[in-house]
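Visitor: Mind looking over this structure? Questions follow.
The values are calculated or read from the model by the stated rules, or taken from the named source; none is laboratory data. Since the model is a prediction, treat every value here as computed from it, not as a measurement. We place every Cβ from the backbone using ideal geometry, glycine too, and count neighbours over all the protein chains shown. The area values use the complete protein model at the heavy-atom level, side chains included, leaving out ligands, DNA and RNA. Shrake-Rupley method; radii C 1.70, N 1.55, O 1.52, S 1.80 Å.
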Amino acid sequence: MRRARVATVALLLAGCARGTTSGAAAAPVPAAGSTESAVTVGKRVAERFRVAALASRRFTHAQLWAALDPIVRAPAFRVTEIGRSIQGRPIRAVTYGSGPTRVLLWSQMHGDESTATMSLADLMAWLGDASDVDAALRARLARELTIVMVPMLNPDGAEVFQRENALGVDVNRDAARLATPEARTLKALRDSVRPQFGFNLHDQGARILTGRSGRQVGIALLAPAADESRGYTGARGAARLVASGLVTVVEGEIPGRVAKYEDDFNPRAFGDLMQRWGTSTVLIESGALPNDPEKQRLRAINVVAILSALDAIGSGRYRAADPLIYDRLPMNARTAVDVLVRGAMVVLPGAPPMRADLALNYDEPLTRTRPRVREVGDLSLVVAMDTVEGAGLFLHPSPAMLDDSRGGARRLRIGAPATFTLRRGREATSEAVPVPPSLSPDPS
């Protein structure tokens, strides 16, 4: 890997003397003639160029760069060390192309949000490929764009798969103060590159539902506000058009599972301040999909979405997007619990059975493992990803769900492992009723 430790990141722009500092005006008009859809190409890239070494959501900085090292050695890339984390891990940017329109993409500023990091790796594998597989689009992107990618901004957080950095700071809330080296690194990169467009790549919770369909959100999008007015002037106007194009693309892949992220202005957040600083920025949040515990389906969708957005920016086609497509996007509306056990009679030792609903959340909602008791009582208004009908049945808690530390009485403990048996009667010998395997009495 060719790396350079430099005082600034100006080397990222080598060969880009044609660049301008304005926003949308720098993008070229669409080229004459038709080419294969970037969506079609993106699907092919996601399948053929998937970096096999990154098969799980959890990987360290060393594992990521071991996988990327042979990829970014390709002559198409320029790799620059742009900073160091608190614990001394290098933060690197990978640059492709030398076109007049500059695009900055950064991922994993939250250490446990790695879906787009995998997607950027797959895109790099294709961009650096020397074969003729979709070479026309690759060449067009190199000609029209300068693409700067930071695949892992928070390597210390990634090391232990936590949101915050080694100091416990949320880097995405350090855009104003710039107290952390990770935040300073991103700000310095932005100021040096002066990108017209930016993509802030994240993961959001698996329990968030859309407002309209009430389905689990797979992708949430946002053109962040640049100020309290939340108007669409300047950089945010172009970002809204790019986001509108993304809505169309992603809806084609996961209809009814696309939402808008909360758009209140946050004066500490990078997306909002990037917009204020003049970079048309789009937030892409990867949520969750059924039967996708390692987010490999969402990884592929990110490849398709990002590639289509880059193509739209490079060709200038984003300008023709209908902003109402983005405006009409349903909001991230509600947070669901993972499981609701509804209407059962809870058998508490030493007390008569009582009717109560139980809300349960998994420690790992994507893999649906280690359920815990979140709330007990009348939960008729609670929204759940899954519901177990307990009417007419008796819920027998396991000892792990009970707490007898006070006066010898047995209590159902909030936060306890949700291990129980549903039975036909109040007697412990009555017939058991099957429940999902993750809710079995003694999961292993």
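Visitor: Right, Asp227: buried (at least 24 other Cβ atoms within 10 Å of the Cβ), farther than 30 Å from Lys43 by Cβ and at pLDDT 95 or above or not? Break it down into steps so the answer makes sense when it comes.
Guide: Numbers: buried (at least 24 other Cβ atoms within 10 Å of the Cβ): no; farther than 30 Å from Lys43 by Cβ: yes; at pLDDT 95 or above: yes.
Criteria not met by Asp227.
Visitor: Quick check on my filter: what residues within segment 336-355 are open to solvent by less than 40 Å² (accessible area, probe 1.4 Å) and at pLDDT below 95? Lay out the reasoning, then the answer.
Guide: In the first step, residues of segment 336-355 are kept if they are open to solvent by less than 40 Å² (accessible area, probe 1.4 Å); the result is 336-341, 343-344, 346-348, 351, 353.
Within segment 336-355, Leu348, Ala351 meet the criteria.
Visitor: Identify all residues within segment 368-397 that are more than 10 Å from Leu340 (Cα to Cα), among the hydrophobic types (A, V, I, L, M, F, W, C) and not in a strand (DSSP E or B); write none if there are none.
Guide: Leu381, Ala391, Leu393, listed by residue number.
Visitor: Give the residues of segment 125-159 that are under 27 Å from the mean Cα position of the chain (by Cα), of a type in the set (A, V, I, L, M) and under 20 Å from Pro100 (Cα atoms), sorted by residue number.
Guide: Once the filter is applied, which keeps residues that are under 27 Å from the mean Cα position of the chain (by Cα), of a type in the set (A, V, I, L, M) and under 20 Å from Pro100 (Cα atoms), segment 125-159 yields Leu127, Leu137, Leu141, Ala142, Leu145, Ile147, Val148, Met149, Val150.
Visitor: What single numbered condition from (1) open to solvent by 10 Å² or more (accessible area, probe 1.4 Å); (2) touching a residue at least 40 places away in the same chain (Cβ under 8 Å); (3) in a loop (DSSP other than H, G, I, E, B); (4) more than 28 Å from Pro181 (Cα to Cα) fails to hold for Ser131?
Guide: Condition not satisfied by Ser131: (2).
Visitor: Taking Arg102 as meeting all but one of (1) of a type in the set (Lys, Arg); (2) surrounded by fewer than 20 Cβ atoms within 10 Å (Cβ to Cβ); (3) outside any helix (DSSP H, G or I), write down the number of the exception.
Guide: (2)
Visitor: Of Ala139, Ala121, which residue is surrounded by fewer than 22 Cβ atoms within 10 Å (Cβ to Cβ) and in a helix (DSSP H, G or I)? Even if it seems obvious, please write down each step before you answer.
Guide: Values: Ala121 fails: surrounded by fewer than 22 Cβ atoms within 10 Å (Cβ to Cβ).
After ruling out the rest, the residue left standing is Ala139.
Visitor: Report every pair of residues separated by at least 6 positions or lying on different chains whose Cβ atoms are under 6 Å apart, first residue within segment 311-335 and modelled with pLDDT of 95 or more, second of a type in the set (Lys, Arg) and in a helix (DSSP H, G or I).
Guide: Every condition considered, the pairs that remain are Pro323/Arg240; Tyr326/Arg240.
Visitor: Might you let me know whether segment 341-361 holds any residue that is touching a residue at least 60 places away in the same chain (Cβ under 8 Å) and closer than 30 Å to Asp263 by Cβ?
Guide: Within segment 341-361, one or more residues are touching a residue at least 60 places away in the same chain (Cβ under 8 Å) and closer than 30 Å to Asp263 by Cβ.
Visitor: Please state which one of Arg73, Arg92 is open to solvent by 20 Å² or more (accessible area, probe 1.4 Å), of a type in the set (Lys, Arg) and in contact (Cβ under 8 Å) with a residue 40 or more places away in the chain. Outline the logic, then answer.
Guide: On the way: Arg92 fails: open to solvent by 20 Å² or more (accessible area, probe 1.4 Å).
Of Arg73, Arg92, the one residue that is open to solvent by 20 Å² or more (accessible area, probe 1.4 Å), of a type in the set (Lys, Arg) and in contact (Cβ under 8 Å) with a residue 40 or more places away in the chain is Arg73.
Visitor: What's the number of the condition Pro436 fails, among (1) open to solvent by less than 50 Å² (accessible area, probe 1.4 Å); (2) under 27 Å from Thr210 (Cβ atoms)?
Guide: The failed condition is (1).
Visitor: Within segment 263-282, work out how many residues are in contact with a strand residue (DSSP E or B) (Cβ under 8 Å, 6 or more places away or on another chain) and open to solvent by 10 Å² or more (accessible area, probe 1.4 Å).
Guide: The initial filter retains those residues of segment 263-282 that are in contact with a strand residue (DSSP E or B) (Cβ under 8 Å, 6 or more places away or on another chain), namely 263, 270-271, 274-275, 279-282.
If we keep only those that are open to solvent by 10 Å² or more (accessible area, probe 1.4 Å) as well, we get 263.
The qualifying residues number 1.
Visitor: Let me ask you something else. Considering each of Pro365, Pro397, Pro371 in turn, give the residue that is under 28 Å from Leu289 (Cβ atoms) and either open to solvent by 20 Å² or more (accessible area, probe 1.4 Å) or over 35 Å from the mean Cα position of the chain (by Cα) (or both). Before you say what the answer is, go through the steps one by one.
Guide: Working: Pro397 fails: under 28 Å from Leu289 (Cβ atoms); Pro371 fails: either open to solvent by 20 Å² or more (accessible area, probe 1.4 Å) or over 35 Å from the mean Cα position of the chain (by Cα) (or both).
Matching residue, one of Pro365, Pro397, Pro371: Pro365.
Visitor: A further question follows. When you look at Thr146, is it open to solvent by less than 40 Å² (accessible area, probe 1.4 Å), assigned to a helix (DSSP H, G or I) and of a type in the set (S, T, N, Q), yes or no?
Guide: Values: open to solvent by less than 40 Å² (accessible area, probe 1.4 Å): yes; assigned to a helix (DSSP H, G or I): no; of a type in the set (S, T, N, Q): yes.
No, not satisfied.
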